[in-house]
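Take a look at the structure set out below.
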Amino acid sequence: METAIRRDMILDVEVVDLLNHQIMMEQKASSKYLAMASWCDQRELRNSATYFYNQAEEERTHMMKIFKFVNDNGGSALSPTVAEVPHEYESLRAVFEASLDAEIEVTKAIHNVFKTARKTSDFTSEIFLQWFVTEQAEEEEKVRDILDMIDLMDDMPLKMIDERIPTE
């Protein structure tokens, strides 16, 4: 059904649908990071907990950025519902592996929205999404660097590894 909002928006309808899906993915990533922060907090891994609390807030900020973009450009942003997220992990490495998996999933989705915006000549969305493409490359690299560091320090006590986790 075509609404007055959809008739007047400058964004492509298919792109808006994908952006709404991306809003949900960003909220889900934020929820996953909160669960990871809690796991780390329970084990006194303070730097790792801070890292994941910061990531949770960053993902929420991304969600809101997309949400506002859709509404500001005549679309209708949908408030996301998030299914259950995992709260238990085998190790700190497993937590960061799950983080990398989540970032890769978000990157693929962003790339899909970007390609669709380009295919449909939705230049407004394509330009908006360029920032997210760059951001995702940086996010994946950050987690890969942490996993490399964990691998290098594998014999060290967990607290010593945690002390080297960046909190910003």
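The values are calculated or read from the model by the stated rules, or taken from the named source; none is laboratory data. Here the structure is a predicted model, which is why all the values come from computation and not from measurement. So basically every Cβ, Gly included, is an ideal-geometry build from the backbone, and we count neighbours across all protein chains shown.
Okay, residues lined up against (1) within 18 Å of the chain's Cα centre (by Cα); (2) surrounded by 13 or more Cβ atoms within 10 Å (Cβ to Cβ):
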residue	(1), (2)
M64	yes, yes
V70	yes, yes
S99	yes, yes
A109	yes, yes
K119	no, no
V143	yes, yes
I150	no, yes
T167	yes, no
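All of (1) in a loop (DSSP other than H, G, I, E, B); (2) farther than 25 Å from L34 by Cβ hold for F114 with one exception: (1).
If you take the residues of the range 121-141 that are hydroxyl-bearing (S, T, Y) and farther than 16 Å from V106 by Cβ, which of them is surrounded by the fewest Cβ atoms within 10 Å (Cβ to Cβ)? Per the criteria, the residue is S121. Scanning for something aliphatic (A, V, I, L, M), in a helix (DSSP H, G or I), over 30 Å from F69 (Cβ atoms) and touching a residue at least 12 places away in the same chain (Cβ under 8 Å), does the range 118-139 turn up at least one residue? Checked the range 118-139: no residue is aliphatic (A, V, I, L, M), in a helix (DSSP H, G or I), over 30 Å from F69 (Cβ atoms) and touching a residue at least 12 places away in the same chain (Cβ under 8 Å). Just one of the listed residues (V16, V70, V82) is assigned to a loop (DSSP other than H, G, I, E, B), of a type in the set (V, I, T) and either in contact (Cβ under 8 Å) with a residue 24 or more places away in the chain or farther than 25 Å from L129 by Cα (or both), namely V82.
If the condition is being over 20 Å from the mean Cα position of the chain (by Cα), among the acidic types (D, E) and modelled with pLDDT of 95 or more, then the range 1-43 contributes E14, D41.
Annotation: E105 fulfils all but one of (1) within 30 Å of I150 (Cα to Cα); (2) in contact (Cβ under 8 Å) with a residue 60 or more places away in the chain; (3) surrounded by 15 or more Cβ atoms within 10 Å (Cβ to Cβ); the unmet one is (3). List the pairs whose first member sits in the range 142-168 and is closer than 15 Å to V95 by Cα, whose second member is assigned to a loop (DSSP other than H, G, I, E, B) and of a type in the set (K, R), and whose Cβ atoms are under 7 Å apart, counting only residues at least 6 apart or on separate chains? Final answer for the pair search is M149/R164.
Summed over the range 79-114, the residues that are more than 30 Å from M153 (Cβ to Cβ) and either of a type in the set (S, T, N, Q) or at pLDDT below 95 (or both) give a count of 7. Restricting the range 72-96 to residues that are under 24 Å from D148 (Cβ atoms) and touching a helix residue (DSSP H, G or I) at 6+ places or on another chain (Cβ under 8 Å), the residue that is surrounded by the fewest Cβ atoms within 10 Å (Cβ to Cβ) is P86.
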